[in-house]
Amino acid sequence: MTNDIVAIVRQFEKGVVFRLGKVQAVREPGLRFMLPFVDRMEKVSMRTVTMPIASQQVITRDNVSIALAAVAYYRCVDAALSLVAIEDVRQAIDQIAQTTVRNVIGRTTLDQVLSETERLNEQIKIILDATTEKWGVLVEMVELKDIELPESLKRAMAREAEAEREKRAKIIAAEGEALSVAKLAEAADVIAAHPIALQLRNLQVLSEISTEHNSTIVFPAQFLDSVRAIGGFVQREVEAG
């Protein structure tokens, strides 16, 4: 607090002038003059303040103990009220923020803490803003962070996630098998209607084997009969055409 005749209020501040101990005016940024020995000015920052909320142990509604930290963003909207209504506005917001976080999380299950963080942030902000409004302070945002779970719970969640992945893998494999069986059934129907297709497939497999490996292929008599059958089929098709 200053009692100079001339005071400079910076752009991000407002100056609250006390005249004989009573709030006389709130001065905007710039060069401001005061009555000597009568007026005193205290400057209040109007910038947004980032305030960490210390980590604390909280027991959720389903009796899980977690360590939880947060951060709050607030700014002064009424310079005179923030000086007159409360002695140390920052300390007051810090204490009420810790209490509010603990109370809100204590009424929430662990699954909600992990999955509904945005809703909890908004709920905490509304409660804090209702309290700090009478101090001339606006709470702009509250963010939960650094949610630390017990090691035993982390291991249990990891096992659950692994079991879920295995379940999905088995379901996908089963679906693949079902699709494969359906396609094989369709292929069997085609082969049954056209026996020559099976012989052509046998030739294709032999061609693939000989390409990938240096192999000696022995043609059994039955296979030679198949070749002759293919030749007869081709000839009949030519004659029919």
If each K or R counts +1 and each D or E counts -1, the residues other than residue 47 whose Cβ falls under 14 Å of its Cβ total +3
Residue separation between residue 35 and residue 50 times 0.36 nm, minus their alpha-carbon distance, gives in nm 1.9 nm
Beyond 19 Å, the calculated P(r) of segment 1-52 holds a percent of Cα-Cα pairs equal to 25 percent
Inverse of <1/r> over all distinct C-alpha pairs of segment 84-183, i.e. the Kirkwood Rh in Å, gives 17.3 Å
On each of the three principal axes the extent of the alpha-carbon atoms of segment 28-118, given in whole Å and largest first, is 63, 21, 16
Non-local residues with an amide H under 5 Å from the amide H of residue 109, with H modelled 1.01 Å from N and Pro and chain starts lacking one, are 61
Within the under-14-Å Cβ sphere about residue 119, not counting residue 119, Lys/Arg +1 and Asp/Glu -1 give a net charge of -3
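Read-outs throughout are calculated quantities, based only on the coordinates presented, and are distinct from any laboratory measurement. Please read all numbers here as calculations on a predicted model, not as lab measurements. With ideal geometry, Cβ positions are generated from the backbone for all residues, glycine too; neighbour counts draw on all protein chains shown.
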